[in-house]
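To start, the structure under review is shown below, and the notes come after it.
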């Protein structure tokens, strides 16, 4: 399926209340941004009252801060908007972010962080790597992957938190469509990829008897 062309200066992105709202939704639900409250919630769930422990700081650093910094730096270097409307511009970015998540999972393992926290970081790495592979041929939505992934992961730990994230999916999908960044197929594929990959990772871990 061909990519949508980058919006022109007169495209809906730059005008109207709906476009501004869609831009705000896009920014707030960007995967590394959304990962910050998700990791905070998960660490607090696994170790109530832990506050700013090494586990939490490491999760926030590798799950949120470093990916955000890399995205911002790459955006300025390539002269593109933060959501990278051109598929080719994501070919280096996505593997780089996936590598950060891998390093985060290793760091959390060395700190003996709770298993679920390590698994979530590894899940971000795996999901990002899958999107990076698909990106060579198709511009799958990182946003819907980044919402459906943790939403499906949290199904095993907190139904209310999971449903809250799933409730965001239609809004996120609308925002990406409204900004002319993705087709419906790219949005749905991203959501299915995130959900199935995340659930698969958890089920495999449970099947092999990893302590939870």
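Can you tell me which residues in the range 58-90 are over 21 Å from residue 121 (Cα atoms), in a helix (DSSP H, G or I) and out of contact with any helix residue (DSSP H, G or I) (no Cβ under 8 Å at 6 or more places or on another chain)? Spell out the reasoning first.
Narrowing the range 58-90 to residues over 21 Å from residue 121 (Cα atoms): 73-89.
Keeping just the survivors that are in a helix (DSSP H, G or I) gives 73-78, 87-89.
Answer for the range 58-90, where residues must be over 21 Å from residue 121 (Cα atoms), in a helix (DSSP H, G or I) and out of contact with any helix residue (DSSP H, G or I) (no Cβ under 8 Å at 6 or more places or on another chain): 73, 75, 76, 77, 87, 88.
Restricting the range 13-27 to residues that are on the phi < 0 side of the Ramachandran plot and exposed (fewer than 14 other Cβ atoms within 10 Å of the Cβ) leaves a set whose member that is modelled with the lowest pLDDT is 14. Annotation: of all residues in the range 131-172 being more than 23 Å from residue 42 (Cα to Cα) and assigned to a loop (DSSP other than H, G, I, E, B), the one that is nearest to the chain's Cα centre (by Cα) is 141.
Looking at the structure I just gave you, is residue 142 farther than 19 Å from residue 20 by Cα, touching a residue at least 60 places away in the same chain (Cβ under 8 Å), buried (at least 18 other Cβ atoms within 10 Å of the Cβ) and in contact with a helix residue (DSSP H, G or I) (Cβ under 9 Å, 6 or more places away or on another chain)? So residue 142 fits the description; yes.
To keep it simple, each residue is scored yes or no on (1) closer than 19 Å to residue 192 by Cβ; (2) out of contact with any strand residue (DSSP E or B) (no Cβ under 9 Å at 6 or more places or on another chain); (3) modelled with pLDDT of 95 or more.
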residue: 73; (1), (2), (3): no, yes, no
residue: 76; (1), (2), (3): no, yes, no
residue: 80; (1), (2), (3): no, yes, no
residue: 103; (1), (2), (3): no, yes, yes
residue: 112; (1), (2), (3): no, yes, no
residue: 128; (1), (2), (3): yes, yes, yes
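Looking across the range 191-212 at every residue that is closer than 14 Å to residue 126 by Cβ and under 16 Å from the mean Cα position of the chain (by Cα), the one that is surrounded by the most Cβ atoms within 10 Å (Cβ to Cβ) is identified as 194. In the range 117-124, is there at least one residue being at pLDDT 95 or above, under 21 Å from residue 184 (Cβ atoms) and not in a loop (DSSP other than H, G, I, E, B)? Checked against the condition, which is being at pLDDT 95 or above, under 21 Å from residue 184 (Cβ atoms) and not in a loop (DSSP other than H, G, I, E, B), the range 117-124 yields no hits at all. With the condition kept exactly as written, say whether any residue in the range 101-115 is free of Cβ contacts under 8 Å to residues at least 24 places away in the same chain, outside any helix (DSSP H, G or I), touching a helix residue (DSSP H, G or I) at 6+ places or on another chain (Cβ under 9 Å) and surrounded by 20 or more Cβ atoms within 10 Å (Cβ to Cβ). The answer is no; no qualifying residue exists. Evaluation of residue 188 against the conditions (1) crowded, with 19+ Cβ neighbours inside 10 Å; (2) closer than 28 Å to residue 86 by Cα shows that the sole unmet condition is (1).
The values are calculated or read from the model by the stated rules, or taken from the named source; none is laboratory data. Values in this document were obtained by computation on a predicted structure and should not be read as measured data. Cβ atoms come from the backbone with ideal geometry, glycine included; neighbour counts cover every protein chain shown.
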